[in-house]
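Enquirer: One structure follows; several queries about it will come next.
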Amino acid sequence: MIQGLGASEGIAIGKAFVLPNWEWELPEQKIGVGDLALEFDRLYEGVRRSKSEIHQMKTELTETVGPDESGIFEAHLAILEDPIFMNEIKGIIQRQYKAAEVAVKEAIDHFVTMFDLLDDEYMKERALDIKDVGNRLLKHLLGAPEIMLPSDTQPFILVVRELTPSQLIHLKPDVVLGIVTMIGSPSSHSAIMARAFGIPLVMGVETKLQDPIETGNLLVMDGGTGQLHIEPGAETVLRYSELRRKQLESREQLRTLAQVSPVTPDGVTLELAANISSTKELDMVLDSGARGVGLFRTEFLYMDRSRFPTEEEQFEVYREAAERLQGQPLIIRTLDIGGDKQLDYYEMPEEDNPFLGYRAIRFSLNFKDLFKVQLRAILRAAAFGNVKIMYPLIASVEEVREANEVLEEAKRELAAEQLPYSADVPCGIMIEVPAAVAIAELLAQEVAFFSIGTNDLVQFALAVDRMNEQISHLYEPFHPAVLRMLRSVVEAAKGQGIQVNVCGELAGDVRAMPLWLGLGIHELSLSAQAILPIKEALLRTSAQESRSLIKELFLLRTGKEIRERLERFHAESALSHGNVRPGA
């Protein structure tokens, strides 16, 4: 068994088709001085044809999965319009008298090497975008055909060193059972698109392979756990076939819980809201029975485009979400950019540790005009629904007050301009920095609610980068320190009578259900896909038993002991409360 990175959930069983790497035969001889104009003409024609092709792909993808994922190709168009990239190519042609295709290949290699040397996952992913765009340009300059997938209709598992968005757009989910990549990150553009298509994806298996995968090899893969089996035995195939059947059957049965109230067997309600990145996800949110949106990640409105979004563009998106939720809560998190989330059109300063650097509320407070544009759009949208504002990465009372000053200025401007807006929008903060935990009782006096962001909180509390393979095993969300931080935040909030929500991956972990019930969390905010499995666990879990368990958990000394006790509790709850599905 090979352990890769699970990037898109689902089990796939089938024969491998290995996509060969891009290979180009380039001219070795230099061009003459009199050929410079011809080479520039060839370059410009190649760029024109590449742009036309990218626009066509964007149109196709928009029709398939919506405008948000198709926006990825805006970044590709921006590369072809980037003066730094194009000047590098033109400089090689003009100074070194090399053919256009040679210049393009050398420019690709230059930027990819430069980005790969950076200890920054985002820049490594952008290197893949440059390769994708550059290879498309090379294809037109050389008149080479694209590498094609099998023409027959026999389903297969695609195996590729790295998958580009341009390749992924042409895949048919009914033919491509799953995808395995040698390298790559679950936060890459390709992984985002694979999840949108619903194609299982396992990434990063290159260093784990003893022998290369060959076309025709039988593969079994699990995009949730990241596990990959090559030429498995009959027993493994049978086991995963049964798991896949149960997985599909369980998904179908869970749909019956969509309209069931999220109440424990002993009558305690724990609201379940959804995390979204675009309004396109609202259909799934509403179908899942979620109580509104607990986290609207607005950074995706800013990414994969060529400029900052205008106030009107943001207002239309927020207004649509507020109206479609019909009075259910919509918590809009202000721009959380930086770290692994960068803007193609704005160069963030180079940092040794961007996750601890210039990001989120720090960026917004440094660019208050941009921040105010977003706040104005949110305030205007709040006139159409139940909207709340949430500030990310708060570490001090000063940051909250400074952000609220910008908010008040936005209100005064809207009033002066006589634009409709809501003057009474509750403001909360993300609790994801240990400093915020330490002063939670002070912060609780400044805001209307807390939302605990477990991903960053666990990472910062334990000083563990979970994407670092050498130490990822130390990322333990059930660490005793994490539990004590959660308790501290809840107690501070209760002291001021404000609500505490939880978002992040831990909110979607069924083992954590007794933590939330035992501590007295008001709401969990999850991906739409996770809401029904979590609701099923909630319907089986006694709040009174959870409160008793919490006392026991705080006596345990290791994350392993806590995790194992929670797993036993979950299994016992399933046995004692039986099947909770309607009609079962």
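Enquirer: Are there any pairs with C-beta distances below 8 angstrom linking a residue in the range 121-148 that is farther than 16 Å from Ser190 by Cα to a residue that is among the hydroxyl-bearing types (Ser, Thr, Tyr) and modelled with pLDDT under 65, with the two at least 6 apart or on different chains, and if so which?
Expert: Arg136/Ser166
Enquirer: Out of curiosity, is Arg297 in contact (Cβ under 8 Å) with a residue 12 or more places away in the chain, assigned by TED's automatic domain parsing to the domain that holds Pro392 and under 18 Å from the mean Cα position of the chain (by Cα)?
Expert: In short, yes.
Enquirer: Still on this structure: Identify the residue in the range 414-428 that is within 33 Å of the chain's Cα centre (by Cα) and of a type in the set (Gly, Ala, Ser) and, among all such residues, is surrounded by the most Cβ atoms within 10 Å (Cβ to Cβ).
Expert: Only one residue fits best here, namely Gly428.
Enquirer: Another question about this same structure. Quick one: is Ile332 under 18 Å from Phe308 (Cα atoms), outside any loop (DSSP other than H, G, I, E, B) and either modelled with pLDDT under 95 or of a type outside the set (Asp, Glu) (or both)?
Expert: Spelling it out, Ile332 is indeed under 18 Å from Phe308 (Cα atoms), outside any loop (DSSP other than H, G, I, E, B) and either modelled with pLDDT under 95 or of a type outside the set (Asp, Glu) (or both).
Enquirer: Do we have Pro200 as without any contact (Cβ under 8 Å) to a residue 40 or more places away in the chain, buried (at least 16 other Cβ atoms within 10 Å of the Cβ) and of a type outside the set (Lys, Arg) here?
Expert: When the stated conditions are applied, Pro200 does not pass them.
Enquirer: OK, next. If Ser190 passes every condition in (1) farther than 30 Å from Ile130 by Cα; (2) out of contact with any Phe, Trp or Tyr (no Cβ under 7 Å at 6 or more places or on another chain) but one, which one does it miss?
Expert: Going through the list (1) farther than 30 Å from Ile130 by Cα; (2) out of contact with any Phe, Trp or Tyr (no Cβ under 7 Å at 6 or more places or on another chain), Ser190 breaks only (1).
Enquirer: Has the range 278-293 got any residue that is touching a Gly at 6+ places or on another chain (Cβ under 6 Å), under 29 Å from His522 (Cα atoms) and in a helix (DSSP H, G or I)?
Expert: yes
Enquirer: Among the listed residues Ser542, Ser546, Ser527, identify the single one that is in contact with a strand residue (DSSP E or B) (Cβ under 6 Å, 6 or more places away or on another chain) and polar (S, T, N, Q).
Expert: It is Ser527.
Enquirer: Given the options Gly294, Gly289, name the one that is on the phi > 0 side of the Ramachandran plot and of a type outside the set (Phe, Trp, Tyr).
Expert: Gly289
Enquirer: On to the next question. Out of Ile192, Ile213, Ile230, which single residue is modelled with pLDDT under 90 and either under 25 Å from the mean Cα position of the chain (by Cα) or not charged (D, E, K, R) (or both)?
Expert: Ile192
Enquirer: Can you name every residue in the range 164-184 that is at pLDDT 75 or above and crowded, with 20+ Cβ neighbours inside 10 Å?
Expert: Val176, Leu177, Gly178, Ile179, Val180, Thr181, Met182, Gly184, listed by residue number.
Enquirer: Condition test on Arg244, is it among the basic types (Lys, Arg) and assigned by TED's automatic domain parsing to the domain that holds Pro514?
Expert: no
Enquirer: Starting from the range 389-411, take each residue that is not assigned by TED's automatic domain parsing to the domain that holds Leu330 and list its partners that are of a type in the set (Phe, Trp, Tyr) and surrounded by fewer than 23 Cβ atoms within 10 Å (Cβ to Cβ), counting only C-beta distances under 6 angstrom and pairs at least six apart or across chains.
Expert: Short answer, once both residue conditions are applied: none.
Enquirer: Tell me which residues, restricted to the range 256-272, are surrounded by 14 or more Cβ atoms within 10 Å (Cβ to Cβ) and either free of Cβ contacts under 8 Å to residues at least 24 places away in the same chain or basic (Lys, Arg) (or both).
Expert: Once the filter is applied, which keeps residues that are surrounded by 14 or more Cβ atoms within 10 Å (Cβ to Cβ) and either free of Cβ contacts under 8 Å to residues at least 24 places away in the same chain or basic (Lys, Arg) (or both), the range 256-272 yields only Thr269.
Enquirer: A follow-up question, please. Please work out if Gly520 is under 28 Å from Tyr391 (Cβ atoms) and modelled with pLDDT under 95.
Expert: Answer is no for this residue.
Enquirer: Next question, about the same structure. Exactly one of these conditions fails for Asn275: (1) more than 26 Å from Phe73 (Cβ to Cβ); (2) touching a Lys or Arg at 6+ places or on another chain (Cβ under 8 Å). Give me its number.
Expert: (1)
Enquirer: Next question, about the same structure. Output yes when any residue across the range 237-251 is surrounded by fewer than 19 Cβ atoms within 10 Å (Cβ to Cβ), in contact with a Phe, Trp or Tyr (Cβ under 8 Å, 6 or more places away or on another chain) and not small (Gly, Ala, Ser), and no when none is.
Expert: No - not one qualifying residue is present in the range 237-251.
Enquirer: Could you tell me which numbered condition Asn275 fails, if it satisfies all but one of (1) without any contact (Cβ under 8 Å) to a residue 40 or more places away in the chain; (2) out of contact with any Phe, Trp or Tyr (no Cβ under 6 Å at 6 or more places or on another chain); (3) surrounded by 20 or more Cβ atoms within 10 Å (Cβ to Cβ)?
Expert: All conditions pass for Asn275, except number (1).
Enquirer: For the structure I just gave you, tell me whether Ala382 is assigned to a helix (DSSP H, G or I), touching an Asp or Glu at 6+ places or on another chain (Cβ under 9 Å) and at pLDDT 95 or above.
Expert: Against the criterion (assigned to a helix (DSSP H, G or I), touching an Asp or Glu at 6+ places or on another chain (Cβ under 9 Å) and at pLDDT 95 or above), Ala382 qualifies.
Enquirer: Please go through (1) of a type outside the set (D, E, K, R); (2) out of contact with any Gly (no Cβ under 7 Å at 6 or more places or on another chain); (3) within 22 Å of Thr558 (Cβ to Cβ) for His479 and return the number of the only condition it doesn't satisfy.
Expert: (2)
Enquirer: Any residue that is among the polar types (S, T, N, Q), in contact (Cβ under 8 Å) with a residue 60 or more places away in the chain and in contact with a helix residue (DSSP H, G or I) (Cβ under 6 Å, 6 or more places away or on another chain) - is there at least one of those in the range 523-544?
Expert: Yes: the range 523-544 contains one or more residues that are among the polar types (S, T, N, Q), in contact (Cβ under 8 Å) with a residue 60 or more places away in the chain and in contact with a helix residue (DSSP H, G or I) (Cβ under 6 Å, 6 or more places away or on another chain).
The values are calculated or read from the model by the stated rules, or taken from the named source; none is laboratory data. Remember, it's a predicted structure, so these values are computed and weren't measured experimentally. Note: ideal-geometry Cβ built from the backbone for every residue, glycine included; neighbour counts use all protein chains shown.
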